[in-house]
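Reviewing the structure listed below.
The values are calculated or read from the model by the stated rules, or taken from the named source; none is laboratory data. All values reported here derive from a predicted model rather than from experimental measurement. In this analysis, Cβ positions are derived from the backbone assuming ideal geometry, glycine residues included, and neighbour counts consider all displayed protein chains. Remember, those area values only see protein heavy atoms, side chains included, never the ligands or the DNA or RNA. Shrake-Rupley method; radii C 1.70, N 1.55, O 1.52, S 1.80 Å.
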Amino acid sequence: MSVPIVAVVGRPNVGKSTFVNRIAQTNEAIVHADRGVTRDRSYHRADWNGHEFILIDTGGIEMGGSDAFQTSITNQALVACEESDVVLFMVDGQGGLLADDIAVAKVLKRSRRPVMLLVNKIDQPLREDQIWEFYQLGLGDPWSVSSQHGYGTGDLLDALVELLPGQPAPLEADAVQSATAQAEICIAIIGRPNAGKSTLANRLLGEERSIVSEVAGTTRDAIDSVIEHDGQIYRIIDTAGIRKKSQIEAAVEYYGFVRALRAIDRADVALLLIDATLGLTDQDQRVARLAEERGCALVILVNKWDQLHSIESRDAVRQQVVDRLPFVSYAPVITISALTGLSTHRILRTVDEVYENYSATFLTSRLNALLTELRDFGHTVSRGRMHLRINYVTQTGHKPPVFTFFANHPQIVDDNFSRYLENRLRAALPLTGTPIRMKFKKKD
């Protein structure tokens, strides 16, 4: 049985993201004093007294607002209402009832979903004469709450779970974590701003899950979505564009940058999106380095390939990838168009391959057979009277694979020899798409 869904909607800056963070006991939703910070709908798992549900944080709804994104933001919020089991409609108790609140209430009453009216920013109980105006919305008795301080949220959640449809008995936390780990591959779509990440996410999902615009920085949160393809479950994370810290101009953009880094940290596979029309930039190199340092598998997607019309321009971009990304040369490269769908069918198939390599476990006997071949080849390191001899190798970790070499003088291993070993490992083992880690220890 599926987990119930609860949508949190309202006009901008009434405290929806603060409420979601409090109930979900996280800080994933971006909170900022500016209006319109949240744009896409984002999903957050929550629990109250053993009743599990999913909260959808939505952008502020303004009827006829002047924001260029307002139509898309409103549509995203309305989609959240349609897929939810219960709607929490939040208004500002300090600002009072506004025309947009009345317009949104009319839409919600037509949705045929249970609606709970939340009067936010209330730090003490309201008298009846202070909330009478909110009865005009025709949504029943208002619930006075404080998202920031938690006032009234316990009673609200007690009433909310009574409206939720039946759900299976809660699993133990370890069992839930284990089932999730086995059930899905976590994919983060990363890249600099305006490379086409949201367009690709929507293409893979088959729906307009993220707002798409030519304005750089449209996506601010890391947006999770789950799909199933050929029996495999994928969690796809559309991230905010990553740029240099010195180029981050606003606090909102900084929080989006932090969310993108967190998305890479929890990803199994990162899809690095490069804009073919601009070629490979310094920022693309930095983003690739972040993925490599954080140890997730990597697939490089060269987007907008259909906009390069000459063989020369295409060859030039391919060569840039080779020349400027040598530190992730293990990553497969796919040329695509997220807008038209060109070659996007290859992405999940490639993700499956690199994830298998990323999580693979290799027999110790196989690794030491390779080590015997390396000894026969004769390549080693010397420093003074010390001559390196590797006696034994075993795999000591995965996701990504970690190989530990036991040697007589591990301290003399240099970068050149490490690269030599990595190249020989990659030539002998299926390691396409995954970084590897190598450790050198003294043989007892």
Does at least one position in segment 109-121 carry a residue that is open to solvent by less than 40 Å² (accessible area, probe 1.4 Å) and modelled with pLDDT under 85? yes
Among residues of segment 281-309 being part of a loop (DSSP other than H, G, I, E, B) and open to solvent by 10 Å² or more (accessible area, probe 1.4 Å), the residue modelled with the lowest pLDDT is Thr281
I need the full set of residues from segment 371-390 which are in contact with a Leu (Cβ under 9 Å, 6 or more places away or on another chain) and within 14 Å of Leu421 (Cβ to Cβ), in order please. Leu374, Thr380, Val381, Ile390
Quick check, is Thr394 over 20 Å from Phe327 (Cβ atoms), loosely packed, with under 14 Cβ neighbours inside 10 Å and without any contact (Cβ under 8 Å) to a residue 40 or more places away in the chain? no
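Conditions (1) hydroxyl-bearing (Ser, Thr, Tyr); (2) farther than 22 Å from Ala288 by Cα; (3) part of a strand (DSSP E or B), marked per residue:
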| residue | (1), (2), (3) |
| --- | --- |
| Asn391 | no, yes, yes |
| Gln395 | no, yes, yes |
| Lys399 | no, no, no |
| Phe406 | no, yes, yes |
| Leu431 | no, no, no |
| Thr434 | yes, no, no |
Testing Phe377 on (1) aromatic (Phe, Trp, Tyr); (2) more than 20 Å from Leu298 (Cβ to Cβ); (3) in contact (Cβ under 8 Å) with a residue 12 or more places away in the chain, one condition comes back false. Which one is that? (3)
Per-region count, segment 57-88, residues open to solvent by 60 Å² or more (accessible area, probe 1.4 Å), farther than 20 Å from Ser198 by Cβ and modelled with pLDDT of 75 or more: 1
So if I check each of Pro410, Pro401, which one is modelled with pLDDT of 95 or more and either open to solvent by less than 50 Å² (accessible area, probe 1.4 Å) or closer than 27 Å to Val354 by Cβ (or both)? Pro401
From the set of residues in segment 421-439 that are touching a residue at least 60 places away in the same chain (Cβ under 8 Å) and charged (D, E, K, R), which is nearest to Met386 (Cα to Cα)? Arg437
Right, Glu373: among the acidic types (Asp, Glu), out of contact with any Asp or Glu (no Cβ under 9 Å at 6 or more places or on another chain), in a helix (DSSP H, G or I) and exposed (fewer than 15 other Cβ atoms within 10 Å of the Cβ) or not? yes
Name the residue, out of Ala331, Ala338, that is closer than 16 Å to Gly433 by Cα, buried (at least 17 other Cβ atoms within 10 Å of the Cβ) and of a type in the set (Gly, Ala, Ser). Ala331
Those residues that are surrounded by fewer than 24 Cβ atoms within 10 Å (Cβ to Cβ) and modelled with pLDDT of 85 or more, I need them from segment 16-26; list them, please. Thr18, Asn21, Arg22, Ile23, Ala24
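Being touching a residue at least 12 places away in the same chain (Cβ under 8 Å), surrounded by fewer than 15 Cβ atoms within 10 Å (Cβ to Cβ), in a helix (DSSP H, G or I) and not hydrophobic (A, V, I, L, M, F, W, C) narrows it down to one of Ser365, Ser418, so name that one.
After applying the criteria, what remains is Ser418.
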Has segment 324-340 got any residue that is over 28 Å from Leu205 (Cα atoms), in contact with a strand residue (DSSP E or B) (Cβ under 9 Å, 6 or more places away or on another chain) and without any contact (Cβ under 8 Å) to a residue 24 or more places away in the chain? no
If we only count helices (runs of 4 or more DSSP H) wholly inside segment 123-187, which ones have 1 or more residues that are closer than 25 Å to Leu108 by Cα and modelled with pLDDT of 75 or more? 153-163
Quick check on segment 236-251. Is at least one of its residues open to solvent by less than 10 Å² (accessible area, probe 1.4 Å) and either modelled with pLDDT under 75 or farther than 26 Å from Gly59 by Cα (or both)? yes
Scanning segment 381-404 for residues that are closer than 27 Å to Ala270 by Cβ and of a type in the set (A, V, I, L, M, F, W, C) gives Val402, Phe403
